[in-house]
Amino acid sequence: MSKTALITGASSGIGTELSKLLAKKGYNLILVARSKNKLEDLKAKIEKNNNVKANVILKDLSEQNAVKELYDEVKSKNIAVDVLVNNAGFGDFCEYVGSDIEKQDAMMNVNIKALADAVYYFGADMKKRREGKILNVASIAAFIPGPYMAVYYASKAFVLSFSEAVAKELKEYNVTVTALCPGPTNTGFENAADMKGKSTMFAKLKPVSAKLVAKKGYKGMMKGRRVKFCSLGNAIATFSARFTPHRLNAAFAAWVNGDPRK
Ligand SMILES: NC(=O)c1ccc[n+]([C@@H]2O[C@H](COP(=O)([O-])OP(=O)(O)OC[C@H]3O[C@@H](n4cnc5c(N)ncnc54)[C@H](OP(=O)(O)O)[C@@H]3O)[C@@H](O)[C@H]2O)c1
């Protein structure tokens, strides 16, 4: 019987590439995001090119009960989720104090709360079945404080810590949790975070393709790795950050990000 993967943030970037890859591997899909046209186009393309079914569920994951509603909708379709990919997320390039507080709240809801809620609800079924794989998209930002993207970096630190903790809890139930930690990647992220033409991050750190990140994420998840990087350089840089004072790490991140006031 074919298995099902649910991917949040499937409408763009890393989520789209992970959806295509999972379809290629024979998974039926549940594609979740807000952009109806993009998701419908992706569903059509995937169903045309692979022998799988794709369901589209439109959901704004910044809303309070979004994940419980998503879970109930999936249950009402009688679908068991074998693979959960918590990929939806975004940043905001700004000074935190004085920023758009609604965008910061939405970021915390999508990057943190929705991710944790999805692990809670879909993870419960996996735990019962004693089978399942969860891929949580964190970032190399998870390892250091990030001035001018303070909430974003902190949200990814949550994703990393939470994923590693829950991975330990779920191991004995044969459910794996992998935190994927990409560096800068060519997607819609730069635009969504208001970085384009302002932040120097994508100029200073060479971005990779979403396809490569999806491939690394898929491999890491299949092997049940707890943390997966997309390059040796990223692995070494984040490892060495453990031995540098956070004051210096924060200064480095501020330099990489650039100053939004300029
Ligand atoms: N690109 C990078 O440099 C980079 C590096 C490290 C980690 N990451 C992480 O990778 C993940 C994917 O981002 P990406 O780079 O592929 O960026 P992207 O192209 O902007 O994709 C972001 C996805 O998240 C979805 N999303 C955003 N807000 C949402 C909401 N309120 N409700 C539901 N879905 C929402 C978007 O869908 P809709 O707009 O259609 O809702 C979109 O599908 C994120 O968690 C990001 O933090 C990215």
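Worth a mention:
- Only residues that are within 10 Å of the ligand (Cβ to nearest atom), over 17 Å from Lys216 (Cα atoms) and among the charged types (D, E, K, R) were counted in region 1-38, giving 3.
- Residue check: Asp92 meets all listed conditions (1) of a type in the set (Asp, Glu); (2) over 26 Å from Tyr218 (Cβ atoms); (3) in a helix (DSSP H, G or I); (4) within 16 Å of the ligand (Cβ to nearest atom) but one, namely (3).
- Residue in region 92-106 that is within 18 Å of Gly15 (Cα to Cα) and at pLDDT 95 or above present: no
- Among (1) surrounded by 20 or more Cβ atoms within 10 Å (Cβ to Cβ); (2) in contact with an Asp or Glu (Cβ under 7 Å, 6 or more places away or on another chain) - the single one Asp194 does not satisfy: (1)
- Residue within region 46-58 that is open to solvent by 60 Å² or more (accessible area, probe 1.4 Å), within 11 Å of the ligand (Cβ to nearest atom) and on the phi < 0 side of the Ramachandran plot present: yes
- Members of region 167-191 that are open to solvent by less than 30 Å² (accessible area, probe 1.4 Å) and of a type in the set (S, T, N, Q): Thr178, Thr185
- Long-range neighbours under 8 Å by Cβ, at least six apart or interchain, first residue over 17 Å from Ile7 (Cα atoms) within region 122-147, second open to solvent by 40 Å² or more (accessible area, probe 1.4 Å) and among the basic types (Lys, Arg): Phe143/Arg242
- Qualifying residue in region 102-113 (condition: under 25 Å from Cys181 (Cα atoms), of a type in the set (Gly, Ala, Ser) and not in a loop (DSSP other than H, G, I, E, B)): yes
- Residues of region 118-134 classified as open to solvent by less than 30 Å² (accessible area, probe 1.4 Å) and in a helix (DSSP H, G or I), total: 6
- First in region 48-67 and under 16 Å from Asn37 (Cβ atoms), second anywhere and within 15 Å of the ligand (Cβ to nearest atom) and in a loop (DSSP other than H, G, I, E, B), Cβ under 6 Å, 6 or more apart: Asp60/Arg34
- The residues in region 163-216 that are of a type in the set (D, E, K, R) and not in a helix (DSSP H, G or I) can be counted, and the count is 5.
- Restricting region 135-155 to residues that are assigned to a helix (DSSP H, G or I), within 11 Å of the ligand (Cβ to nearest atom) and closer than 16 Å to Arg242 by Cα leaves a set whose member that is most open to solvent (accessible area, probe 1.4 Å) is Ile140.
- Selection from region 1-22 of residues that are more than 13 Å from the chain's Cα centre (by Cα) and either surrounded by 24 or more Cβ atoms within 10 Å (Cβ to Cβ) or more than 21 Å from Pro182 (Cβ to Cβ) (or both): Met1, Ser2, Lys3, Thr4, Ala5, Leu22
- Filter result (open to solvent by 100 Å² or more (accessible area, probe 1.4 Å) and either closer than 26 Å to Val151 by Cβ or in contact with a helix residue (DSSP H, G or I) (Cβ under 8 Å, 6 or more places away or on another chain) (or both)) within region 226-250: Phe239, Arg242, Phe243, His246, Arg247
The values are calculated or read from the model by the stated rules, or taken from the named source; none is laboratory data. As the structure is a computational prediction, the values presented were derived from the model and not from experiment. Note: ideal-geometry Cβ built from the backbone for every residue, glycine included; neighbour counts use all protein chains shown. Remember, those area values only see protein heavy atoms, side chains included, never the ligands or the DNA or RNA. Shrake-Rupley method; radii C 1.70, N 1.55, O 1.52, S 1.80 Å.
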